[in-house]
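Participant: My questions will all concern the structure given below.
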Amino acid sequence: MKQSSHTPILTNYHTHCSFCDGSSNAEAYITAAIEKGFTGLGFSSHAPVPFETSWTMKKEDLASYIRTVRDLQERYKDRIEIYLGLEIDYIPGTMGPSAPAFRDLGLDYTLGSVHFIRNRQNGPFPTMDGPEEEFMEVLETCFDGDISALISHYHSLIRDMVREHTMDMVSHIDLYKVHNRNNSRFDESAEWYKREVLSTLEEIAGKGTIIEINTGGWFRGKVDSVYPAPWILKRILAQGIPVTVNTDAHTPEALDAFYPESLDLLKEIGFTTRLVFRRGSWEEIPVQLQ
């Protein structure tokens, strides 16, 4: 794809189409991305998991997903850079971002995520960002109502994922914020919480992995800013951890949701650069669009 040196660099690598829980087929996102002036778009359907869910890709659809994105990548190569990725959950002892089943697919990049917060021995696999009643059931039955124990467990899973697997990006590291609006369940300035977050950042910093700035919860009205929270972004900057901006889009219209606002926030905090995936490799560019 030919690109002027003055072309604004607008990208997104966290995109869910109809192969998982996205609203539309992959080509609809590409069409919208071109209309919105995107220079790069990466697909990251939720990877298959070894149990039934309503929102992850089915194992039997994985080959079709890869073939579809690769075909679109070739078809639109003169208009926009298209990339093939997966958002891969870490489930202890079961799967993770660099497991052989995913490593051998020839993906352009991977996102590592933690959604599930109970292991197989404990029964079902509810998610950290699931319905309120599901969250409360897990909090009460698995953690005796102790929110700090639940949050600490979540962060321990992220740290284990980063230690055990390689990935390009770590997704929404404070996903549980959807259940803590206005500090309704715990004080995010509490020392125990800061220790958990900082321990997680130290683990990520040691690996050179990217942390995504994710606008998805903000767009869906579940939180009032990006993941991670602004105070965490300040620590990310201090640790020298690279960042990229993603919108976690589940609809084509959400591809650029809160993108300018996120860049403004990064600049306000002190970031001068972000990473984009161009011509098959990660590249550091200025935070601003142009």
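The numbers here are math on the coordinates, done by the rules we state, and not lab data. These numbers come from a predicted model, not from an experiment. Backbone-built Cβ (ideal geometry, glycine too); neighbour counts: all protein chains shown.
Participant: If you plug each phi of the range 97-106 into the Karplus form 6.51 cos²θ - 1.76 cosθ + 1.60 with θ = phi - 60°, what whole-Hz ³J(HN,Hα) values come out, in order, with x for Gly and Pro?
Facilitator: Result, ordered by residue: x, 10, 4, x, 4, 9, 4, 8, 8, x Hz.
Participant: Among bridges DSSP assigns within the chain, what percent are antiparallel (round to 5)? If you can, show how the numbers build up before the last one.
Facilitator: Numbers: 9 of 32 bridges.
Counting only bridges with both partners in the chain, antiparallel ones make up about 30 percent.
Participant: Please state the shape class of the range 186-250: rounded when a/c is under 1.5, otherwise prolate if a/b exceeds b/c and oblate if not, all from the C-alpha gyration tensor. Let's see the in-between values first.
Facilitator: Details: a/c = 2.43, a/b = 1.21, b/c = 2.00.
Since a/c reaches 1.5 but b/c is at least a/b, the shape of the range 186-250 is classed as oblate.
Participant: Sticking with this one: Rounded to the nearest 0.05, what FRET efficiency do R118 and T31 give with R0 = 51 Å and r taken as the Cβ-Cβ distance? Could you check?
Facilitator: Values: r = 39 Å, r/R0 = 0.77.
In this case the efficiency is close to 0.85.
Participant: Within the range 119-192, list the chymotrypsin sites (Phe, Trp or Tyr not before Pro) lying in a DSSP loop whose Cβ has at most 11 other Cβ atoms in a 10 Å radius. Let's see the in-between values first.
Facilitator: Values: sites: F135, F143, Y154, Y176, F186, W192; in loops: F186.
In loop regions of the range 119-192 (DSSP not H, G, I, E or B), there are no sparsely surrounded chymotrypsin sites (Phe, Trp or Tyr not before Pro).
Participant: Continuing with this model, one more query. One-quarter of the Cα convex hull surface for the range 1-93, in nm²? Mind showing how you got there, number by number?
Facilitator: Numbers: hull surface 26.9 nm².
Projected area, direction-averaged: 6.7 nm².
Participant: Hey, another quick one. Please name which of A33, P228, G240 has its Cα lying farthest along the dipole of the range 11-286 towards the positive end, using unit charges on Cβ (Lys, Arg +1; Asp, Glu -1) and the Cα centre as origin.
Facilitator: Selected residue: G240.
Participant: I'd like the orientation of helix 259-269 relative to the chain: the angle between its Cα long axis and the longest Cα principal axis, in ° from 0 to 90, rounded to 10.
Facilitator: Orientation of helix 259-269: about 60 degrees from the principal axis.
Participant: In degrees from 0 to 90, rounded to the nearest 10, what is the angle of the helix 230-239 Cα long axis to the longest principal axis of the chain?
Facilitator: 70
Participant: Find, among the GluC sites (Glu not before Pro) in the range 1-81, those assigned to loop by DSSP (not H, G, I, E, B) with at most 15 other beta-carbon atoms within 10 angstrom.
Facilitator: Details: sites: E27, E35, E52, E60, E74, E81; in loops: E52.
The qualifying sites are E52.
Participant: Sticking with this structure for a sec: Quick one: check the C-alpha center-to-center distance for the range 254-284 versus the range 162-200, whole angstrom.
Facilitator: 21
Participant: Using only the alpha carbons of the chain, determine the length spanned along each of the three principal axes and report them from longest to shortest in whole angstroms.
Facilitator: Result, largest extent first: 56, 45, 33 Å.
Participant: Could you work out how far apart the two model spin labels at K267 and A149 are, taking each label as a point 7 Å from the Cα in the direction of the beta carbon, and quote it in nm?
Facilitator: 4.7
Participant: Taking the Cα centroid of the range 69-118 and of the range 220-240, what is the distance between the two, rounded to the nearest whole Å?
Facilitator: 24
Participant: Counting each DSSP H run of 4 or more residues in the chain as -39500 (n - 2.57), what helix-only mean residue ellipticity at 222 nm follows after dividing by all residues, to the nearest 500 deg cm²/dmol?
Facilitator: Details: 9 runs with 98 residues, N = 290.
My calculation for the chain gives -10000 deg cm²/dmol from helical runs alone.
Participant: Continuing with this model, one more query. Taking the dipole about the Cα centre of the chain, with the C-beta of Lys and Arg at +1 and of Asp and Glu at -1, give me whichever of I210, Y176, A190 is farthest to the positive side.
Facilitator: I210
Participant: Please list log₁₀ I(q)/I(0) at q = 0.13, 0.22, 0.25, 0.27 Å⁻¹ for the range 220-290, using the Debye equation with identical point scatterers on the alpha-carbon positions.
Facilitator: -0.39, -1.09, -1.29, -1.39
Participant: How far, in degrees from 0 to 90, does helix 132-143 lean away from the longest principal axis of the Cα atoms of the chain, to the nearest 10?
Facilitator: Compared with the principal axis, the helix lies near 50 degrees.
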